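In what follows, a structure is listed as structure tokens, so that the remarks can point back to it.
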Amino acid sequence: MTLILALETSTPICSIALLSEQGDEISLTQKQIEGVSGHAQSVLPLAHALLAEQGRSKHELSCVAFGNGPGAFTGIRVACGIAQGIGFALNIPLIPVGALHALAANAAARLPGRLIITALDARMDEVYLAAFLADPSGSLALVQQPVLLSAAQAPAFVMQRFLLWQRDLAPDDTLNPSMPCLIGEGWRLPDALAGLPAQWLIDDLTALPDAHWVAHLGLLFWKKQQTVLPEHAAPLYLRDKVAFTTAERAGGQGGNPRAAPATDDLALLPMRRADLPEVLELERSVQSHPWTAKNFEDALDAGYEAWVLRGASGLAGFCLAMIAPDVIHILVIAVVPKQQRAGLGKLLLKQVIDTARQQGQEGLLLEVRPSNAQALGFYQAQGFVQIGCRRDYYPAGKGAREDALVLKKTFEPA
């Protein structure tokens, strides 16, 4: 039997669910309270009451799934902290579940075969936004990683990327990518819907993530063995800064820090096989000993983290990384030469960092040639330090070999 306790405290609604799977039977019960405060005091009593009502002991729990955000700063820390406490006490793993992913699961259960665009109110007239493709069975594929942006910018951001989000869907009767579904209370903000096609489906503009969908996604991730150790669990923050310092306010910066404007039309998308011809062309243009098509195909088949940056002029860059037990190992990052030093490498690296934090990894690892001064300088500027050297690691032409410097970036505790 699998028994999952699910917590979601990232919104004014604090919800707790208990999911049980035995054979082909799945049962789920949920409790919730509503209020702008008090989640920290409410979670454990609700969990104890739920377990008692179902005749279950805490020692029967297989894992704890928790909503790790984005959302209210204090709220997502409450769920993460309590999940960690339970995980440590019972020696069980945790499963972080994104708030926007939970929203998408809600819509996919009722409206499979669609592009689902989720939005949550991030306050200050801003939204957290992400997009997912739901296949006919309701399974979800992330096509737009969670971002923070002005609600007024959301329509332009969506329309610039719409065709790219649906590019891999084959036209058939089970998929309806031209008729996206919008879900989440973020779409109610002024101007959030302005300029979007009137025929798009507006599903539920009051929807918030809740423990029901955190539990269902938790079960899916449990079966895929996508768990983290309690000490590696972390909230997902999209707002880098929640308040100005006293000195900054004295210098005239009033209010609170806002999201940076989304000024470009670049889309960060999961790498697909259809991308490989352009990926290979870029790889060959920037690497003296490039990966082969088979290398990339094997990496995609193995489920490595792989992303491409695309714009109106085509492929701008890509990255590929392998998830290891404690770190994410960056294998390749490349940017088209004419767009280097424009921040695209940092954007790709940020995606790997966000993935590593969400997966509970302690940091990033990579190798770089000592002769590649530009790459070495870039990684050092991003906080990587050398921890070792692999002798004769790289081919260097004419039968020679070159060392690899091993660099690591370790994350500060959340």
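Below are the figures for this structure:
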{"quantity": "Set of aspartates and glutamates with alpha-carbon distance to residue 408 below 16 Å, sequence-local pairs under 8 removed", "calculated": "326, 354, 362, 367"}
{"quantity": "Subset of 58/350; 58/223; 294/338; 223/350; 224/350 violating a 30 Å alpha-carbon distance limit", "calculated": "58/350"}
{"quantity": "GNM result for the chain, Cα springs below 10 Å: residue of 30, 22, 358 fluctuating most strongly", "calculated": "22"}
{"quantity": "From the C-alpha gyration tensor of segment 101-204, square roots of 5λ in Å", "calculated": "22, 14, 12"}
{"quantity": "Span-like helix ranges in the chain, DSSP H, alpha carbon extent 24 angstrom or more, Kyte mean at least -0.5", "calculated": "73-90"}
{"quantity": "Label-to-label distance, nm, for residues given as residue 274 and residue 33 (7 Å Cα→Cβ offset)", "calculated": "4.9 nm"}
{"quantity": "Cβ-Cβ FRET estimate between residue 142 and residue 313, R0 fixed at 30 Å, reported to 0.05", "calculated": "0.80"}
{"quantity": "Among 344, 321, 307 the positive-end extreme of the charge dipole of segment 283-350 (Cβ point charges)", "calculated": "344"}
{"quantity": "Unit charges at the beta carbon, dipole of segment 1-144: most positive-side option, 136, 47, 99", "calculated": "47"}
{"quantity": "Whole-percent pair-distance distribution, where bins are 10 Å wide, for the alpha carbons of segment 96-136", "calculated": "31, 49, 17, 2"}
{"quantity": "Dimensionless Rg ratio for segment 1-158, taking C-alpha atoms and the 2.2 N^0.38 Å reference", "calculated": "1.10"}
{"quantity": "Rg/Rh ratio calculated on Cα atoms of segment 267-410 (Kirkwood radius)", "calculated": "0.94"}
{"quantity": "Rel. contact order, % - alpha carbon contacts under 8 angstrom, at least six apart, the chain", "calculated": "12 percent"}
{"quantity": "Theoretical ellipticity at 222 nm over the chain - DSSP helices of four or more residues, -39500 (n - 2.57) apiece, nearest 500", "calculated": "-9000 deg cm²/dmol"}
{"quantity": "Net length gained if the chain between residue 109 and residue 73 were fully extended (0.36 nm per residue, minus Cα distance)", "calculated": "10.1 nm"}
{"quantity": "Cα-centred dipole magnitude for the chain, charges only on beta-carbon of K, R (+1) and D, E (-1), debye, nearest 20", "calculated": "1040 debye"}
{"quantity": "From the coordinates shown, P(r) over Cα pairs in 20 Å bins from 0, in percent corresponds to which of (i) 25, 56, 19, 0; (ii) 23, 42, 30, 5; (iii) 22, 46, 25, 6, 0", "calculated": "(i)"}
{"quantity": "Cα centroid separation - segment 292-336 against segment 395-412, whole Å", "calculated": "18 Å"}
{"quantity": "Candidates 346, 398, 224, ranked by Gaussian network fluctuation over the chain, Cα under 10 Å, top entry", "calculated": "398"}
{"quantity": "Residue (of 30, 230, 376) at the positive-pole extreme of the chain, dipole from beta-carbon charges", "calculated": "376"}
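Bear in mind these aren't lab numbers, they're just calculated from the coordinates by the rules spelled out. Quantities reported herein were computed from a predicted structural model and do not represent experimental measurements. Reconstructed Cβ throughout: ideal geometry from the backbone, glycine too, with neighbour counts over all protein chains shown.
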